[in-house]
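Following: one structure in structure tokens, then a few remarks.
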Amino acid sequence: MNRRTFLLGAFAGTAAIALGVNLYSPEFSLPDEGEEKDYRLLFGVLLPVMLDGALPDVATHKQAAQNRTLDAIKQSIAGLPDEQQAELFELLDMLENRLGLLLLTSSMTPLLMRSPSDLTQMLETWRHSYFALLQTAYLGLRELVMASYYACPEHWSRLHYAKPELFK
Amino acid sequence: MAIIDPIVTGLNSGWLHTDASQLQENQQFEADVVIVGTGAGGGVAAEILSQAGLSVIMIEAGPLKSSSDFNMEERVAYPNLYQQAAAMKTADKAIGIFQGRAVGGSTTINWTTSIRTPKEALAFWAQHKSVAGLDPDALAPWFEQMEQRLNIHEWNYEPNRNNGALKQGCINLGWDYTVIKRNVAGCWNTGYCGMGCPVNAKQSMLVTTIPTALEKGAQLFSRAKVVKIEHHNGQVFALKAQALDVNLRPTSVELLFKAKHYILSAGAIHTPTLMMRSDVPDPYQLLGKRTFLHPTVLSGGVFADAINAHSGAPQSIYSDEFVWKNGADGELGYKLEVPPVHPILIASKTLGYGASHAELMAQFNQLQVTIALIRDGYHPDSQGGQVHLTSTGFALDYPLSEAFWRAARRAYASMAELQFSAGALKVLPISDGMPYLSSWKEAKESIAQMDLAPLRTIVASAHVMGGCPFGEDEKLSMVNSYGQSHYLDNLSVMDGSIFPTSLGANPQLSIYGITARNATALAQKLTDGREPQ
């Protein structure tokens with residue numbers, strides 16, 4: 001598998017130096033077929049923050065909408081070209097890895113153990129970062145989550161949107 | 001009412017179509033002409049050459065999809081019909097690019113806007129880019145021919161409210177505006193052109209020129225990606241292609257295509273990329289350079305009543321008030337249009353997340369969106385982008401220059417002024433850090449001070465042009481004004497890659513008209529004046 005350079009390569013020259021750490025960069029590879037890694041836990045933590053205000057208020061509906069979005073995220077990723085998938089998986093792997101978390105968020109605390117306000121703080125830091133890399137990570141996750149959530153017809157009622165029925 | 005699918009009907013009648021994903025072994029094919037790509041250039045060339053009695057093979061990397069597949073959902077359309085599932089971006093990810101990848105190319109998914117090449121562009125090309133024989137009078141018969149062929153005519157119905165706001169704003173401000181000509185016949189006015197026309201009203205290549213060529217005996221290969229031009233001593237002797245599986249990943253099957261003449265119509269990224277990968281002679285290092293995008297910025301206007309910008313003909317009004325205002329090579333001009341607003345498109349091309357984004361989306365039906373397409377490639381500080389080969393494909397670098405940002409700032413101001421004038425309650429320039437603005441006075445001050453930067457300012461493109469320019473001077477061009485390669489006798493280029501600048505107008509009709517002229521000349525040359533069979 002090709003070594004990917006989207007995050008790790010760029011970090012070697014920018015953020016790693018800025019953060020004053022020695023970067024250990026493991027070889028990255030796409031998951032083999034059958035070795036399905038869908039990052040549900042990771043996205044399960046991020047979705048309530050990123051979709052706050054859009055998800056339904058009723059707990060069971062909210063859970064259903066999150067689960068539907070997690071499925072849609074998996075489908076969205078599968079539709080991306082290999083290179084984009086690889087970049088994304090690299091970012092997601094780093095968010096599941098303590099050293100990666102340190103590099104991306106200046107903290108080793110797993111995302112699962114962070115409060116919504118901590119997660120918001122993390123996203124805001126990326127969003128307003130001077131490092132194009134962190135901005136890109138923010139935008140990549142944002143676009144994936146928003147596109148996946150609003151891809152689902154189940155989530156259109158709040159928009160008062162429906163596609164026309166042409167073929168009845 | 002059942003919709004008749006002309007592609008299914010045609011295939012059942014015996015059209016020669018090969019879905020390369022189904023091939024099990026390497027094969028070789030021959031024709032008089034092989035055409036790479038089936039979009040605006042490839043489709044028109046295929047029809048003209050097959051009507052001249054030449055045998056034609058069309059090769060398309062994307063799948064053959066037709067109205068039966070078009071279910072008006074972005075989640076289906078983007079992965080099936082767009083390059084990189086509509087997630088294609090420049091190398092720094094600052095510009096998102098929408099390009100078609102299916103039989104019919106971008107014409108299968110465009111918004112039908114049909115505009116002749118502006119006279120200012122033609123004059124600039126003649127004066128600065130050595131393009132010969134393409135003035136408005138010389139091109140008029142070709143545009144007329146294609147307008148007739150593709151049912152291009154003014155949209156003489158009430159614009160939808162999204163376009164209506166653009167029109168009203170222009171009227172109130174005394175700005176120029178034009179009713180758009182669309183290539184439609186029997187349009188249902190639903191607003192889903194960008195997801196493939198489900199009723200075959202859009203006169204894309206998928207339902208016009210490609211079926212005609214197939215009727216004339218042309219062969220179509222889908223899911224086959226041409227990877228190399230084999231050439232020697234100034235002649236192309238074959239094209240090598242890779243079969244792709246249903247997920248558009250290469251299989252082990254290789255295809256070889258041989259012809260008397262070869263036409264590249266793979267679009268402004270893939271035509272130069274293929275030529276670069278094949279080491280086509282390029283002594284002045286022009287390939288892939290000066291790639292233009294009409295980089296586009298967006299402004300959202302929230303209205304008190306419903307705009308329903310998803311419903312109705314997506315584009316029916318434009319304003320050229322600011323396109324050529326400072327002369328062709330002065331400060332960059334911009335064309336004002338509106339896009340259709342569908343959930344994924346708007347959710348991903350707006351700002352932020354959480355409550356603020358949810359609030360914006362909750363106003364979905366009251367949202368009017370105006371876009372400014374910035375005319376690149378004329379000003380000395382607007383040299384466009386550059387396509388590079390990578391180990392796995394290509395990357396497009398497109399630095400957003402100071403001249404671009406100056407134009408973007410002016411464009412945000414124009415869009416806000418227009419939207420307030422049309423009755424918007426508040427306006428949101430789509431650039432991170434900007435609040436909703438509640439009056440033109442506030443907008444004017446705020447936009448003058450706003451931070452604009454890559455990745456913070458949403459920039460999109462649906463028009464990729466350049467990278468393999470045409471003209472007579474070999475220092476400035478790769479192909480002559482008829483699209484014929486300066487270096488390979490039997491190779492032509494017929495797509496948007498030949499434009500030496502952007503157009504300042506949506507490109508489909510420019511590609512149709514100029515290809516009609518150039519393909520007709522090629523047909524005459526290849527048939528040596530023989531009567532069509």
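So for segment B:174-183 (the condition being farther than 22 Å from B:N308 by Cα and open to solvent by less than 50 Å² (accessible area, probe 1.4 Å)), does at least one residue qualify? The answer is yes; a qualifying residue exists. Is it the case that A:L123 is in contact (Cβ under 8 Å) with a residue 24 or more places away in the chain, more than 10 Å from every other protein chain (Cβ to nearest Cβ), touching a Gly at 6+ places or on another chain (Cβ under 9 Å) and within 24 Å of B:K349 (Cα to Cα)? Considered against the rule, which asks whether it is in contact (Cβ under 8 Å) with a residue 24 or more places away in the chain, more than 10 Å from every other protein chain (Cβ to nearest Cβ), touching a Gly at 6+ places or on another chain (Cβ under 9 Å) and within 24 Å of B:K349 (Cα to Cα), A:L123 comes out as no.
Annotation: A:D93 fulfils all but one of (1) within 12 Å of chain B (Cβ to nearest Cβ); (2) at pLDDT 90 or above; the unmet one is (1). Restricting segment A:122-132 to residues that are part of a helix (DSSP H, G or I) and open to solvent by 20 Å² or more (accessible area, probe 1.4 Å) leaves a set whose member that is farthest from A:L55 (Cα to Cα) is A:A132.
Considering segment A:65-78, and only residues there that are open to solvent by 60 Å² or more (accessible area, probe 1.4 Å) and touching a residue at least 24 places away in the same chain (Cβ under 8 Å), the residue that is farthest from the other protein chains (Cβ to nearest Cβ) turns out to be A:K74.
Residues in segment B:32-90 that are more than 14 Å from chain A (Cβ to nearest Cβ) and on the phi > 0 side of the Ramachandran plot: B:G37, B:G53.
Whether any residue in segment B:495-505 is in a loop (DSSP other than H, G, I, E, B), among the small types (G, A, S) and more than 12 Å from the chain's Cα centre (by Cα) is what I want to check. For segment B:495-505, residues in a loop (DSSP other than H, G, I, E, B), among the small types (G, A, S) and more than 12 Å from the chain's Cα centre (by Cα): present. Where helices (runs of 4 or more DSSP H) fall entirely within segment B:26-141, those with at least 2 residues that are of a type outside the set (D, E) and under 20 Å from B:A462 (Cα atoms) are at B:40-51, B:74-81.
Looking at B:L425, B:L345, can you tell me which residue is open to solvent by 10 Å² or more (accessible area, probe 1.4 Å) and either within 17 Å of B:G96 (Cα to Cα) or free of Cβ contacts under 8 Å to residues at least 40 places away in the same chain (or both)? Break it down into steps so the answer makes sense when it comes.
Working: B:L425 fails: either within 17 Å of B:G96 (Cα to Cα) or free of Cβ contacts under 8 Å to residues at least 40 places away in the same chain (or both).
Selected residue: B:L345, the only one of B:L425, B:L345 that is open to solvent by 10 Å² or more (accessible area, probe 1.4 Å) and either within 17 Å of B:G96 (Cα to Cα) or free of Cβ contacts under 8 Å to residues at least 40 places away in the same chain (or both).
Hey, among the residues in segment B:171-193 that are under 15 Å from B:E337 (Cα atoms) and of a type in the set (A, V, I, L, M, F, W, C), which one's farthest from the other protein chains (Cβ to nearest Cβ)? That would be B:W175.
Just one residue in the set B:C170, B:C197 is in contact (Cβ under 8 Å) with a residue 40 or more places away in the chain, part of a loop (DSSP other than H, G, I, E, B) and open to solvent by less than 60 Å² (accessible area, probe 1.4 Å); that residue is B:C197. Restricting attention to segment B:209-231, the residues being in contact with a helix residue (DSSP H, G or I) (Cβ under 8 Å, 6 or more places away or on another chain) and either surrounded by fewer than 23 Cβ atoms within 10 Å (Cβ to Cβ) or at positive phi (or both) number 10.
Just so you know, in segment A:133-166 the residues that are more than 7 Å from every other protein chain (Cβ to nearest Cβ) and more than 21 Å from A:F43 (Cβ to Cβ) include one that is most open to solvent (accessible area, probe 1.4 Å), and it is A:E165. Kindly indicate the residue of segment B:270-300 that is touching a helix residue (DSSP H, G or I) at 6+ places or on another chain (Cβ under 8 Å) and of a type in the set (V, I, T) and also nearest to B:N163 (Cα to Cα) among those meeting that condition. My answer is B:V297. Step by step: first the residues of segment A:79-121, then only those that are charged (D, E, K, R) and outside any loop (DSSP other than H, G, I, E, B), then the one that is least open to solvent (accessible area, probe 1.4 Å). Which residue is that? Among them, the one singled out is A:E90.
Kindly indicate whether A:H61 is under 30 Å from B:D305 (Cβ atoms) and more than 12 Å from chain B (Cβ to nearest Cβ).
Working: under 30 Å from B:D305 (Cβ atoms): yes; more than 12 Å from chain B (Cβ to nearest Cβ): yes.
For A:H61, the condition - under 30 Å from B:D305 (Cβ atoms) and more than 12 Å from chain B (Cβ to nearest Cβ) - is met.
Here the condition is being modelled with pLDDT of 95 or more, open to solvent by 10 Å² or more (accessible area, probe 1.4 Å) and either more than 10 Å from chain A (Cβ to nearest Cβ) or touching a helix residue (DSSP H, G or I) at 6+ places or on another chain (Cβ under 7 Å) (or both); of B:K335, B:K325, it holds for B:K325 alone.
The values are calculated or read from the model by the stated rules, or taken from the named source; none is laboratory data. Note that the coordinates shown come from a computational prediction; the quantities given were computed from them, not determined experimentally. All Cβ positions, even for glycine, are placed from backbone atoms using ideal geometry, and neighbour counts span all protein chains on display. The protein model used for the area step is the full one, side chains on, heavy atoms only, and it has no ligands, DNA or RNA in it. Shrake-Rupley method; radii C 1.70, N 1.55, O 1.52, S 1.80 Å.
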